[in-house]
Amino acid sequence: MFFCFIFIALSDPTWQEAWRIPLAENLEIYQLDAYAQNNLAVSSQGIVLIKNVADLALVFLKPDGTLSQRSGRQGQGPQEFLELTAVTWDASQNAFVVLDRMAKRLSFYAESGQFKSSQPTDSLSPASGFGSADTILFIERNRETWEHTLTAYAWASGTKKPLLTRKFPMIATAMEWNPRYRFDGQKDWIAVNYGAEPMIHIFSGTGVPLHQITFEIERVPFSDTYYDKRLKVMSQADKAGDPVSALARLKKYTTKEEYWPYLQAVYLDNNQIWLFTYPIEGRDTCFFQALTAQGDLHIKGQLKGHSQALTQNTLFMVEATQDEPILVKYTLQ
C-alpha cells in the first residue's frame, strides 16, 4: 500500500483590485479630499455612498461601481445640507447616516438612496470626526486649555462619554492644530489611535477602557522636499512669517532622522484592527497592517492611494491624480 502526501503552501491574503472609476468622468465628482476621513461609506450589501462636497450632494453607487442614485442639495430643508461633514453606515439602523455639523443634524438614508428621517444633534456642534454603529465618535476642543477629547455620543439616548484626552501645545502649525485621532467603532468595541503614539486603545461599545496594544510601522527618512513643504506651512502659520523661527520649531519637532508616518485610518472588520498610514511622501503608497484584538500581526503590506473605507474584506481607496480623483475597489483574496 502506498501513501501519497501532498503539501499545499498557503500564501498570505492580498488585496486584489476589483474595479476603478474616474470620479470626474463618470460621476461628475471633481473634488475629493483624499486626506480627509469619512468621504464615503459602504453598506452591508456593498452599496457605496460618496459625499460630493462641491454640490452638497450624496452619490450612491451599486456594488459594480455604476450610479444608483443622487440626492441632496444646498439648503436647510429636508434632504438639504449646509455641510457634508461625514457619512457612515449604521448596521443597527440598516441605514446610511449623514452628519451635517453646521445644521446640527443627522440624516438617515436607505441603501436605495431614499431619504428615511433626520434628527437634530445639538451636542455635536464641535464635531470633527465620525464613528459607526449606534455610537458617534467626535472630538471636543477646549480652546483655553488646548485639550482635545475624543467623545462617544449615543445619539439614541443623547448621552456623551469621554474616551481619550490629549493636550496640545499652543503652536499654530498644521501638525499641532490637528489632533489626529483615528478611530472606528462597532456595537461591541471601539479602537482609537492618537497619531503620535504607536498604540491602539481598546474600549467596549459603551466606552469602558479594556486594554491597549502596540504596533510598529516602517519608518522612512525625511526628504528635502518634505522639509521645504513643512517650512512653507510653518512660515505661513507664523504671525511674523519669520522663516528662522519656523525652522527652529521644525527642528524641535523633527529631531529624529526618520519619522513614523501618521495613521490615516483605523478600521474594525471581521474581528481585526486594520491600520492604514497616509501615503509616504514621494512614493504615493501607504503602509497597512491587520492586527487581532490582542495585538498579533495578521497581515501587512503597501497599497497605492489613500484609504477611505473598509467593510467585510472590501477596501475602497482614492488615488488623487493630477486630472481627477479615482475610486478603486479592492477585495481581500
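Values in this text are rule-based calculations from the coordinates and carry no lab data. All values reported here derive from a predicted model rather than from experimental measurement. Glycine also receives a Cβ, built like all others from the backbone with ideal geometry; neighbour counts cover every protein chain displayed.
Table for the structure above
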{"item": "Cα lying deepest toward the dipole's positive end in the range 259-333, options L263, I273, M317, charges on Cβ", "result": "I273"}
{"item": "Whole-Hz couplings from phi, Karplus 6.51/-1.76/1.60, listed for the range 101-109; x for Gly and Pro", "result": "5, 5, 7, 6, 8, 9, 10, 10, 10"}
{"item": "The range 285-299-the range 312-333 distance, computed between alpha-carbon centres (Å)", "result": "19"}
{"item": "Ascending count of other beta-carbon atoms within 10 Å, so fewest first, for E144, E25", "result": "E144, E25"}
